[in-house]
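Taking it in order: structure first as structure tokens, then the write-up.
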Amino acid sequence: MKQFLLLCAIILISCNQKKEEKHEANPEPQTTSEGQYTHNGISYNIIEDPLKEAYFGEQHLHTAASMDAFIAGTRLTPADAYRFAQGAEVMINGKPHTINRPLDWAAVTDHAEFLGEAYTLMNPGTPGYDSEAAKSMREAPDLVTALTVYKKYVLDALAGGNAHPDFWQGYEAVKSQWKKNIEATEDNYKPGKFTTIHAYEWSSAPNTANLHRNVFFRDTNLPDMPFSANEGASPQELWDWMKIQEANGVKVFCNPHNSNESKGMLFPEVAMNNKPIDETYAKTRQHFERNLEMMQTKGNSEVVPQFWPNDEFADFENAVSLQKYNGRVFEKHNFVRYGLTRGVKYHEELGVNPFKYGFVGGTDSHNAAMSNVEEFNYVGHHGMADQTALDRSRNEQDGEMYNRDMNPGGLTGVWATSNTREAIWDGMHNRESFATSGPRIKVRFFAGNGYSPSYSSYEDMVKDGYAKGVPMGQNYEGSESPDFLVWAVKDPIGPNLDRIQIIKGWVENGEMKDKIYNVAASDDRLKADGTVTPIDAPVNLKTGEFNREKGDPELMAVWKDPEFNLSQNAYYYVRVIQLPTGRYNLFDEIRNPDVKYPDDTQKTIQERAWASPIWIEPKK
Amino acid sequence: MKNILKEPLVHFLLLGFLIFGYYYLKNKDTKLEDNSIIIDNTEYDYLLNLWKNQWQREPNEQEIKAFLDQYLRQEVFYKEALAMNLDHNDIIVKRRLSQKMEAVSNDLSAMIQPPTDEELKAFYNKNKDLFKLPPAYTFHQVLFLNDENNLDNTIKEVKDNLNKGLEIPKDRKTKLSIPNVWTSKEATDIYKTFGDYFTSVLDSLPQKKWVGPIPSGFGQHLVYLSKKELSQIANFKDIKPYIEKEYQYQTELEMQNKVFEDLMKKYQIKLTSDKIPSDIKKSYQN
């Protein structure tokens with residue numbers, strides 16, 4: 001607690017004091033400058049960098065204000081979650097826990113569907129507080145009881161057509177909790193130092209197909225109440241509501257997640273009203289939906305080996321056991337690469353791409369533990385279900401998958417001119433964002449004409465990147481084959497990089513295709529034919545330490561597509577692969593000699609980053 | 001007198017008196033029959049106000065029905081439970097009652113007047129540790145990658161040149177995107193980019209001189225430490241709103257403890273179990 005208070009004091013001070021730049025040694029011009037920023041009538045001096053900096057944060061997180069998290073034992077509030085994100089110690093499942101590296105920004109995305117119940121559950125004296133259902137939710141002493149309670153009051157109520165357990169007090173209760181979330185988000189905003197974004201989750205799952213979307217607001221012009229799946233379970237109803245918000249001046253977008261659990265419904269051929277996807281649908285969807293959550297605790301949604309057998313890195317945090325539950329069997333339609341390719345095919349058919357998404361990563365933690373993504377620092381994400389190494393090694397996550405198939409989750413990097421709410425929101429809205437599987441790898445990606453094969457400085461490279469082309473998230477509009485400029489730097493506390501790949505998806509004579517190109521590899525391993533000599537950088541399985549000698553800390557390339565065709569609808573995105581590190585189960589086993597994960601659990605992984613695509617959209 | 005008014009126990013007793021007084025008056029005219037539950041005007045107004053306080057508006061008919069239902073349900077079960085002596089030594093009842101008592105003492109903090117400037121200053125002076133800033137560092141760094149050719153000689157050469165006042169070589173400016181100049185940065189920020197080893201040695205480096213190499217996750221760094229701002233107490237003026245929040249929080253904590261301690265004095269604590277470690281036993285002896 002003391003640490004946290006200290007931190008607050010520092011933040012307050014750093015906001016109030018104007019720092020003077022002193023060049024005592026070898027003076028040189030700075031590209032960054034100090035600017036004035038005003039929020040709620042208070043003025044702040046903040047650093048602005050026209051070349052943009054990568055700010056790392058969380059965009060998918062549940063607290064006790066999500067009723068499922070509450071039942072599982074979480075009592076941390078949105079305010080607690082923001083404190084955790086800034087480095088304060090909190091109690092997770094009764095044990096003190098701290099994030100390894102504080103975040104630059106964060107958003108709490110509690111389920112809108114049960115906000116009202118959460119308010120009643122957490123506020124003594126409110127009507128319904130002492131109801132039987134509320135009491136049993138609050139007092140569930142163990143996992144089995146919690147699950148029984150969850151089934152009895154939530155799942156059975158849903159199945160019986162009741163959106164709410166009996167102690168729900170109506171929309172005033174929903175508004176009360178939404179207001180509390182808003183207050184916590186405002187209280188923790190420290191412009192220039194730590195950004196918070198007003199947000200919530202719309203959790204529609206028709207026939208258990210996961211169509212969830214997280215909804216993000218740019219400023220404090222906010223609705224009285226979020227729109228939940230209870231008010232409308234189809235994405236079109238959500239967009240209709242967003243349209244009304246826009247008419248009121250609210251700036252809002254949403255990001256879908258867990259396409260891997262979508263039963264083919266996230267990237268569909270027909271809308272939920274059974275009408276084929278048309279131009280209006282596509283336009284509306286592209287307007288409101290800006291990023292896909294590439295990875296989170298319930299799996300990596302990029303690709304799976306069974307449909308992409310030629311992708312040697314496809315076997316990564318696929319959460320395969322989720323197929324055993326709810327009939328969420330893998331099909332090609334469920335994965336991000338399919339969605340992107342189907343999107344460019346829709347562009348060919350309709351003139352608009354409904355699936356024009358950038359990438360973000362999140363945890364979806366139900367412990368209020370913002371971006372607790374480091375494998376060596378993982379303490380589970382689902383209350384009592386996965387709180388100990390033993391629980392993680394043998395329990396299932398009820399109705400979802402095995403705990404050992406879950407992972408600590410992903411992270412989002414946003415390229416922004418400053419660490420302010422508007423700049424971070426704009427960065428995500430413009431899709432100048434990237435996802436990582438947890439590490440703080442930074443990746444830049446440009447398409448343009450006339451890039452140099454190498455630059456004498458990082459700044460020259462970035463300036464040229466913007467001056468002669470477009471960054472990730474945009475359309476390349478040139479009339480000749482583009483140069484793709486790609487650059488990545490390692491996580492300072494992780495191993496070196498293995499390689500950078502560019503993944504291309506396109507439509508050729510009506511057929512959807514995709515292909516992976518290796519464009520840079522560490523230790524000069526990229527061969528003329530585009531293949532890469534394997535690298536042996538083993539993890540020490542006794543200590544969990546990764547190899548520190550192999551690979552390179554930075555990779556950069558300017559690449560041209562040998563089969564570029566300006567008249568083809570296409571996209572290009574980037575995947576950066578890191579050298580191997582220990583997975584959390586390895587650290588669990590090292591620290592708890594009695595715990596043994598089943599043999600099919602991978603002990604090491606190759607973490608990665610994904611930069612948002614650049615599109616080629618030929619004019620008809 | 002002023003001191004007595006400030007005494008938490010006095011607040012507590014006063015509040016208790018009000019609560020019991022309310023119930024006394026409320027029940028005075030009601031002939032209590034064990035198997036009847038009466039909702040008279042007083043009771044109804046009480047429930048209505050409870051509802052209105054919570055929702056800040058008038059309830060509609062459905063909502064009135066709902067809170068009456070809820071009250072009756074609770075009352076019926078409550079009376080039955082009392083009749084069956086279920087309250088006696090029940091752990092849940094104990095917990096709820098003690099929580100209720102604590103909640104009453106928490107409410108006392110709502111009675112605290114906002115502090116005056118003097119009180120705030122006194123609090124600040126008394127608790128300076130709470131407002132201490134961690135040390136901050138201002139430094140320049142130049143990065144060399146571990147696999148560069150002739151690494152040791154290059155580092156030495158660049159270090160000599162820098163110490164002669166030459167500029168940072170162009171190809172080492174913002175190398176790997178890491179800024180060369182770091183101004184008044186705290187350890188947690190430095191750790192995010194340079195990792196723990198670099199951060200831990202920074203404090204012991206000589207100042208105003210290029211030194212190194214110092215390793216990080218990226219490679220080897222030459223470092224020119226130009227300023228160390230020692231841990232210092234933040235200026236009262238600059239963080240006044242923060243001190244106010246802190247004052248409120250700490251006073252609340254203090255008051256909760258005070259009430260607990262005062263109440264404890266009313267009881268003689270006898271730890272007769274021989275299984276309690278003796279050190280712990282001692283701590284309960286006044």
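Taking interchain pairs and intrachain pairs at least six residues apart, which have beta carbon atoms under 7 angstrom, with the first residue in segment A:500-528 and part of a loop (DSSP other than H, G, I, E, B) and the second among the polar types (S, T, N, Q)?
That search, which allows pairs on different chains as well, returns A:R525/A:T533; A:K527/A:T533.
Find the residue count for segment A:121-150, including only residues that are assigned to a loop (DSSP other than H, G, I, E, B), of a type in the set (G, A, S) and farther than 22 Å from B:Q56 by Cα.
Initial filter on segment A:121-150 (assigned to a loop (DSSP other than H, G, I, E, B)): A:123-131, A:140-142.
Cutting the leftovers down to of a type in the set (G, A, S) gives us A:125, A:128, A:131, A:140.
Narrowing the set further to residues that are farther than 22 Å from B:Q56 by Cα leaves A:140.
Residues in segment A:121-150 being assigned to a loop (DSSP other than H, G, I, E, B), of a type in the set (G, A, S) and farther than 22 Å from B:Q56 by Cα: 1 in total.
Restricting segment A:139-158 to residues that are buried (at least 16 other Cβ atoms within 10 Å of the Cβ) and closer than 12 Å to A:I71 by Cβ, which is nearest to the other protein chains (Cβ to nearest Cβ)? Reasoning before the result, please.
Going through segment A:139-158, the residues buried (at least 16 other Cβ atoms within 10 Å of the Cβ) turn out to be A:140, A:143, A:146-147, A:149-150, A:153-154, A:157.
Within this subset, residues satisfying the condition of being closer than 12 Å to A:I71 by Cβ are A:140, A:143, A:146-147, A:149-150, A:153-154.
Numbers: A:A140: 13, A:L143: 20, A:A146: 17, A:L147: 21, A:V149: 16, A:Y150: 21, A:Y153: 17, A:V154: 20 Å.
Per the criteria, the residue is A:A140.
Considering only residues that are polar (S, T, N, Q) and at pLDDT 75 or above, which ones fall in segment B:269-286?
B:T272, B:S273, B:S278, listed by residue number.
Scanning for something farther than 30 Å from A:E172 by Cβ, modelled with pLDDT under 80 and surrounded by 10 or more Cβ atoms within 10 Å (Cβ to Cβ), does segment B:28-35 turn up at least one residue?
Yes: segment B:28-35 contains one or more residues that are farther than 30 Å from A:E172 by Cβ, modelled with pLDDT under 80 and surrounded by 10 or more Cβ atoms within 10 Å (Cβ to Cβ).
Residues are listed down the side, and each one gets a yes or a no for (1) in contact with a Cys (Cβ under 8 Å, 6 or more places away or on another chain); (2) under 15 Å from A:D130 (Cβ atoms); (3) in the same structural domain as B:D90 (by TED's automatic domain parsing); (4) not hydrophobic (A, V, I, L, M, F, W, C):
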| position | (1), (2), (3), (4) |
| --- | --- |
| B:D40 | no, no, yes, yes |
| B:L47 | no, yes, yes, no |
| B:K52 | no, no, yes, yes |
| B:R57 | no, no, yes, yes |
| B:E61 | no, no, yes, yes |
| B:D69 | no, yes, yes, yes |
| B:Q74 | no, yes, yes, yes |
| B:Y78 | no, yes, yes, yes |
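Which one of A:E348, A:E302, A:E312 is closer than 19 Å to A:K504 by Cα, in contact with a Lys or Arg (Cβ under 8 Å, 6 or more places away or on another chain) and of a type in the set (D, E, K, R)? Show your work before the answer.
On the way: A:E348 fails: in contact with a Lys or Arg (Cβ under 8 Å, 6 or more places away or on another chain); A:E312 fails: in contact with a Lys or Arg (Cβ under 8 Å, 6 or more places away or on another chain).
From the options A:E348, A:E302, A:E312, the qualifying one is A:E302.
Just one of (1) crowded, with 18+ Cβ neighbours inside 10 Å; (2) closer than 30 Å to B:L120 by Cβ trips up B:E244, so point out which.
(1)
Residues to consider are A:N585, A:N509; find the one that is polar (S, T, N, Q), out of contact with any His (no Cβ under 7 Å at 6 or more places or on another chain) and on the phi > 0 side of the Ramachandran plot.
A:N509
Quick check: anything in segment A:68-90 among the β-branched types (V, I, T), part of a strand (DSSP E or B) and over 28 Å from A:A416 (Cα atoms)?
Looking for residues that are among the β-branched types (V, I, T), part of a strand (DSSP E or B) and over 28 Å from A:A416 (Cα atoms), one finds at least one in segment A:68-90, hence yes.
Condition check: among the charged types (D, E, K, R), part of a loop (DSSP other than H, G, I, E, B) and within 14 Å of another protein chain (Cβ to nearest Cβ). Does B:K237 satisfy that?
Numbers: among the charged types (D, E, K, R): yes; part of a loop (DSSP other than H, G, I, E, B): yes; within 14 Å of another protein chain (Cβ to nearest Cβ): yes.
Considered against the rule, which asks whether it is among the charged types (D, E, K, R), part of a loop (DSSP other than H, G, I, E, B) and within 14 Å of another protein chain (Cβ to nearest Cβ), B:K237 comes out as yes.
Please specify each residue of segment B:166-220 satisfying the condition of being surrounded by fewer than 18 Cβ atoms within 10 Å (Cβ to Cβ), out of contact with any Lys or Arg (no Cβ under 9 Å at 6 or more places or on another chain) and polar (S, T, N, Q).
B:S200, B:S204
When only residues in segment A:526-576 that are surrounded by fewer than 18 Cβ atoms within 10 Å (Cβ to Cβ), of a type in the set (A, V, I, L, M, F, W, C) and under 15 Å from A:K504 (Cα atoms) count, which is modelled with the lowest pLDDT?
Residue satisfying both the conditions and the ranking: A:L566.
How many residues, within segment A:251-305, are assigned to a strand (DSSP E or B), within 13 Å of the chain's Cα centre (by Cα) and among the acidic types (D, E)? Walk me through how you get there before you give the answer.
First, the residues of segment A:251-305 that are assigned to a strand (DSSP E or B): A:252-257, A:270, A:276, A:289, A:291-296, A:299-300.
Going one step further and asking which of them are within 13 Å of the chain's Cα centre (by Cα), we end up with A:254-257, A:291-296, A:299-300.
Those left that are additionally among the acidic types (D, E): A:293.
Counting residues in segment A:251-305 that are assigned to a strand (DSSP E or B), within 13 Å of the chain's Cα centre (by Cα) and among the acidic types (D, E) gives 1.
Return yes when A:G469 is within 14 Å of chain B (Cβ to nearest Cβ), surrounded by 22 or more Cβ atoms within 10 Å (Cβ to Cβ) and more than 21 Å from A:T196 (Cα to Cα) and no when it is not.
Working: within 14 Å of chain B (Cβ to nearest Cβ): no; surrounded by 22 or more Cβ atoms within 10 Å (Cβ to Cβ): yes; more than 21 Å from A:T196 (Cα to Cα): yes.
Considered against the rule, which asks whether it is within 14 Å of chain B (Cβ to nearest Cβ), surrounded by 22 or more Cβ atoms within 10 Å (Cβ to Cβ) and more than 21 Å from A:T196 (Cα to Cα), A:G469 comes out as no.
Out of curiosity, is A:E422 in contact (Cβ under 8 Å) with a residue 40 or more places away in the chain, under 17 Å from the mean Cα position of the chain (by Cα), more than 30 Å from A:T341 (Cβ to Cβ) and surrounded by fewer than 23 Cβ atoms within 10 Å (Cβ to Cβ)?
In short, no.
Scan A:F376, A:F359 and give me the residue that is surrounded by 24 or more Cβ atoms within 10 Å (Cβ to Cβ) and either of a type outside the set (K, R) or without any contact (Cβ under 8 Å) to a residue 12 or more places away in the chain (or both).
Selected residue: A:F359, the only one of A:F376, A:F359 that is surrounded by 24 or more Cβ atoms within 10 Å (Cβ to Cβ) and either of a type outside the set (K, R) or without any contact (Cβ under 8 Å) to a residue 12 or more places away in the chain (or both).
Output the residues belonging to segment B:168-190 that are at the interface with another protein chain (Cβ under 7 Å from one of its Cβ atoms), in contact with a helix residue (DSSP H, G or I) (Cβ under 6 Å, 6 or more places away or on another chain) and assigned to a helix (DSSP H, G or I).
Answer for segment B:168-190, where residues must be at the interface with another protein chain (Cβ under 7 Å from one of its Cβ atoms), in contact with a helix residue (DSSP H, G or I) (Cβ under 6 Å, 6 or more places away or on another chain) and assigned to a helix (DSSP H, G or I): just B:S177.
The values are calculated or read from the model by the stated rules, or taken from the named source; none is laboratory data. All of these numbers come straight from a predicted model, not from anything done at the bench. No Cβ is skipped: glycine too gets one built from the backbone with ideal geometry, and neighbour counts run over all protein chains shown.
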